[in-house]
1. Which one is farthest from Ile35 (Cα to Cα) among residues in segment 50-87 that are among the β-branched types (Val, Ile, Thr) and open to solvent by less than 10 Å² (accessible area, probe 1.4 Å)?
2. Criterion first (farther than 20 Å from Gly269 by Cβ and touching a residue at least 40 places away in the same chain (Cβ under 8 Å)) does Phe353 satisfy it?
3. Please work out which residue is nearest to Ala37 (Cα to Cα), limiting yourself to segment 163-182 and to residues that are part of a helix (DSSP H, G or I) and modelled with pLDDT under 90.
4. Checking Phe353 against (1) at pLDDT below 90; (2) part of a helix (DSSP H, G or I); (3) touching a Ser or Thr at 6+ places or on another chain (Cβ under 9 Å), which test does it fail?
5. Only helices (runs of 4 or more DSSP H) wholly contained in segment 17-129 count here; list those with 2 or more residues that are touching a Ser or Thr at 6+ places or on another chain (Cβ under 6 Å) and small (Gly, Ala, Ser).
6. Between Ile69, Ile34, which is farther than 26 Å from Pro241 by Cα, among the β-branched types (Val, Ile, Thr) and within 18 Å of the chain's Cα centre (by Cα)?
7. Taking the residues in segment 293-317 that are outside any helix (DSSP H, G or I) and more than 13 Å from Ile243 (Cα to Cα) as candidates, determine which candidate is most open to solvent (accessible area, probe 1.4 Å).
8. List the pairs whose first member sits in segment 271-294 and is over 12 Å from Ala332 (Cβ atoms) and of a type in the set (D, E, K, R), whose second member is in a helix (DSSP H, G or I) and open to solvent by less than 40 Å² (accessible area, probe 1.4 Å), and whose Cβ atoms are under 6 Å apart, counting only residues at least 6 apart or on separate chains?
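The values are calculated or read from the model by the stated rules, or taken from the named source; none is laboratory data. Values in this document were obtained by computation on a predicted structure and should not be read as measured data. Heads up, the Cβs are rebuilt from the backbone with ideal geometry, glycines too, and the neighbour counts pull from every protein chain shown. The protein model used for the area step is the full one, side chains on, heavy atoms only, and it has no ligands, DNA or RNA in it. Shrake-Rupley method; radii C 1.70, N 1.55, O 1.52, S 1.80 Å.
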Amino acid sequence: MRFLITPPYGTRERAPFLLLVALTACGTMGMHVIIPALPATARALNMSISTTQLTITLYLVGLAVGQLIYGPVSDRFGRRPVLLMGLTLFTIASVVTACAPNAGVLIGSRVLQSIGGCAGLVLGRAAVRDAATPDKAAGQLALLTLVMSMVPAFAPAVGGYLTAYIHWRASYVLLAAMGGLTLAVTLLILPETNRERIGGSPFGSLLSGYATLVRSRAFLGYAAGGACSTTSFYAFMSASPFILENVLHRPTQEVGLYYIMLMGGVAAGSFLANRLSRFVSLRRGLSLANFITIAGASLFVFLDAADLLSAPSMIGAVTLFMVGAGMASPFALAGSVSVNPRTIGAASGMYGFFQMGYGMLCTVAVELWHPGAVYPVALIMLGSVVAGQAIIAWGTRSP
């Protein structure tokens, strides 16, 4: 079982950057590539809109819960073996989703898929912080976010064309292939990056790591405030296929292309964060990012209230929101994982839990409020970022 600890090829001390991108991409790709297929999935399996949106909502639940476990366990046992187990689960669950005969099997396998995929989300970030100081981590995480924003940018476009010209199951087949390839490369070359492992039992490390973090006002400010500021857009992502197709009457293959603009906004925000991280504090960078997200969300609310909403105007407003979200994310993450160097994995996991958990709450709120309507999405996005700025201000003010 030595291969679980040491890769058979390579003697690197740092994880290759492209491999970190692939690791974090699995969980992200699993979220975004199926979005254009949701209406076709609903028709094929006789699912309602709210039931179909569970494939997104429960995926977020799996991401949230899994991240609470992976971070502290990797602090105890190392990043590599935990990553290998997560990628194996992701690949197997992706095969099951591709063959799902009914809604129950599809939704259940999506939960397992998300639990496996979130290993890369948590531990890819932790591997960056393992090899960097806090000030350098913000810039490197911004660069990782910049590159990673290309995945959800092109994933819906790819999913849209796969759905329109092949089959709605083709997106799930793609995820299975991606998981298998990433698992093989990780097994062969990924080094162990965690040099400061915590002793004791895994359960003890879970409790001690999280107990330390929840007592930190700074961590709660960065993690909870960052979640509100950056992940309320999941309310838009889960509702947007139905808004674009049923309300604005856009074709399926065109729906996927709109997400390129949205994730281009994330890329632009991440680039700005990478540049600004050398000159401004984490708190100042977050405040600037939240100003941009508030502007975008306010414009979205105005367009809907004034009955001026169209596909270009809606995507323009949400793209502005995404610029701010892409800028806020690396600042919030760098602040969260830098609170305590001995709990980097736990901090990355709990930060992800806050993000995915809040994103899940936003999708549930949309489903319960008025499925397929625009105004609940716009109001949730605006209210969330205002709350996020207030939490960040509370958590990061000088004692």
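1. Across segment 50-87, the extreme among qualifying residues is Val82.
2. It is true that Phe353 is farther than 20 Å from Gly269 by Cβ and touching a residue at least 40 places away in the same chain (Cβ under 8 Å).
3. Out of the qualifying residues, it is Thr163.
4. Only one criterion is unmet by Phe353, namely (3).
5. Working: elements: 17-32, 38-44, 49-52, 54-77, 79-98.
The qualifying helices (runs of 4 or more DSSP H) are 38-44, 54-77.
6. Answer to the check: Ile69.
7. Within segment 293-317, the match that is most open to solvent (accessible area, probe 1.4 Å) is Asp307.
8. If the second residue must be in a helix (DSSP H, G or I) and open to solvent by less than 40 Å² (accessible area, probe 1.4 Å), no pairs are left.
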